[in-house]
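Note sheet for the following structure.
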Amino acid sequence: MEIAILVVVALVVSGVIFGNRLQAKRRLQKQNKVVERSVAAAANVVQPVNRQANKAANRKATPPEIIYAAPEIPAPTWMKSLPKAIKRALQEEHRSIALIYALLLDPHNMKVRAQQIAYLKQIENSLISDHIGDLFNIIAVRIEDRWRLPIMGQAFMQLHNAPVPVRKHLLKCASSTLETVTASSWQVPLAYLILEHHLKTPLDQATLVDNRSLEDFWSESLTVLGMIARAGHHKPEAIKHAFQAGVLRLPHNGSQDPVIPKECDWQVLQECLEQLGQAKLAERKTLVAACAEVVATNKQVSNIEVDLLSTISIMLDCPLPAVLNGTPVKRVSEKTELAIAP
């Protein structure tokens, strides 16, 4: 009997001890879960703070990227038909420079052209000079006259971010090659005028004041109209009619019947356009519209008129007139030469 009582007491005591241990274990598990939740909550709070701190540190460590290059412009559709050598030249800076030189070579006088190439080989590195002759031959055989200035415009884009010394060197060399030309077509001098305009540094253009009226440059305006009238017309009556059509688009300055100026060379055209660059933008647009009126009088547009009108628009920083962009005019491939001052 006593043994049975002892057994029962032992079982009771064991149960109590086991129950106490089980409750202690459960309390410990609950405490661990609370601690884990607290740690997780703290981590969730700290992580965003750390991410923000890391972002701030990255912003301080990495300066903002400054993009100097012009935005990429899709290539015009007409470029798809260009020879591979020309396409490649439009993708590399040194070949683009060689392409510009090739477009400035005398297209008619082989002796003068040989002198130009020899001069360029003396002052340019072989990466450039070795390609000039080959590019000229490709242009002469496979490129129409109307694409010469657009090709040069694409070549300028490769030099958009070229250092100022490179741009000045190119202008100096181009000017020297032009001085050797004694009898050249209109292609070369107009290409040079556009080259000079595009490659001038902002500092060179900062002195210009573009707030004046065309009436301040009346003689220069008439000279430009007279040159483009002679480029697209041959008979005196047709030249006069085209010239007067352009004059009617200019602001009235008191001269009812202005006389067409004497024929001049491309250097006079350059001087006139540099003076006209000081006029207000609206005034310059008016002059370009007057030039387009001259071109459209006979319902035909020749290559020389296209290049002259394009050059005038570029040098005056005005949009190209609509007469070259879809108006019903007939384009002719007649070649006309401008005089070159001795």
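Tabulated data for the structure shown
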{"quantity": "Segment 161-173, residues that are in contact (Cβ under 8 Å) with a residue 40 or more places away in the chain and surrounded by 13 or more Cβ atoms within 10 Å (Cβ to Cβ)", "calculated": "ALA162, LEU170, CYS173"}
{"quantity": "Qualifying residue in segment 140-153 (condition: of a type in the set (Val, Ile, Thr), surrounded by 14 or more Cβ atoms within 10 Å (Cβ to Cβ) and over 23 Å from ILE304 (Cβ atoms))", "calculated": "no"}
{"quantity": "Hits in segment 299-330 (condition: modelled with pLDDT under 60 and over 27 Å from the mean Cα position of the chain (by Cα))", "calculated": "PRO328, VAL329, LYS330"}
{"quantity": "Those residues of segment 91-104 which are surrounded by 18 or more Cβ atoms within 10 Å (Cβ to Cβ) and either under 14 Å from ILE138 (Cβ atoms) or within 16 Å of the chain's Cα centre (by Cα) (or both), in sequence order", "calculated": "ARG95, SER96, ILE97, ALA98, LEU99, ILE100, TYR101, ALA102, LEU103"}
{"quantity": "Elements of type helices (runs of 4 or more DSSP H) contained in segment 215-302, each with 2 or more residues being within 14 Å of LEU316 (Cα to Cα), in contact with a Cys (Cβ under 7 Å, 6 or more places away or on another chain) and in contact (Cβ under 8 Å) with a residue 24 or more places away in the chain", "calculated": "218-232, 281-296"}
{"quantity": "Selection within segment 283-296 - modelled with pLDDT of 90 or more and farther than 15 Å from LEU214 by Cα", "calculated": "ALA292, GLU293, VAL294, VAL295"}
{"quantity": "The one condition in (1) at pLDDT below 90; (2) within 23 Å of the chain's Cα centre (by Cα); (3) surrounded by 21 or more Cβ atoms within 10 Å (Cβ to Cβ) that TRP186 fails to fulfil", "calculated": "(2)"}
{"quantity": "Residue match in segment 271-280 (condition: farther than 24 Å from LYS299 by Cβ and small (Gly, Ala, Ser))", "calculated": "yes"}
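The values are calculated or read from the model by the stated rules, or taken from the named source; none is laboratory data. Worth saying up front: this structure is predicted, and the values here are computed from it rather than measured. Don't worry about glycine lacking a Cβ; one is built from the backbone with ideal geometry, like all the others, and counts go over all protein chains shown.
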